[in-house]
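The values are calculated or read from the model by the stated rules, or taken from the named source; none is laboratory data. This is a predicted model, so every value here is computed, not measured. Here the Cβ positions follow ideal geometry from the backbone for every residue, glycine too, while neighbour counts run over all protein chains shown.
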Amino acid sequence: MPSTIPAQTSDDPVFLGTRHPSEDLATANTRRATDAMWFGIVGILLVFPFGVLLGPAALFTGISALRRVRNSGGTTAGSGRAIAGIVMGSIVCGLCAFALLLEVVVFLLTGAPIPAY
């Protein structure tokens, strides 16, 4: 009597698929990377009222998130969001530094600050 071997499915606990187990490891984005990206977006949109706070926040949380993602060994994702936060935070910090430099130069040349109407 010939024996028939039932076809294995993915529901079978003994299923030996062709996928490598590490392919599913890097699916969870780290929360810090998402926060860095949002700090950067909001910092660019509101650069002059809140850029002084949100720019450095995006920069530091982005650097921290990028370190965590790289040290996780592939278990967490989010390096793209962390890099986006770093770039946008740097842009916001640069704009705030330029505005401060412009304010100081105008004050030194004219003796009065730039009027904020």
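Here are some notes:
- Test result for ILE5, more than 22 Å from ALA116 (Cβ to Cβ) and modelled with pLDDT under 90: yes
- Answer residue from region 88-107, given it is surrounded by fewer than 16 Cβ atoms within 10 Å (Cβ to Cβ) and either in contact (Cβ under 8 Å) with a residue 60 or more places away in the chain or among the β-branched types (Val, Ile, Thr) (or both) and is nearest to VAL52 (Cα to Cα) among those: VAL104
- Breaking point among (1) part of a helix (DSSP H, G or I); (2) β-branched (Val, Ile, Thr); (3) in contact with a Leu (Cβ under 9 Å, 6 or more places away or on another chain); (4) at pLDDT below 95, for ILE114: (1)
- Per this entry, ALA26 is counted among residues that are part of a loop (DSSP other than H, G, I, E, B) and either modelled with pLDDT of 90 or more or among the small types (Gly, Ala, Ser) (or both).
- Candidate set from region 75-87 (those that are outside any helix (DSSP H, G or I) and buried (at least 18 other Cβ atoms within 10 Å of the Cβ)); member that is nearest to the chain's Cα centre (by Cα): GLY78
- THR76 farther than 26 Å from LEU45 by Cβ and in contact with a strand residue (DSSP E or B) (Cβ under 8 Å, 6 or more places away or on another chain): yes
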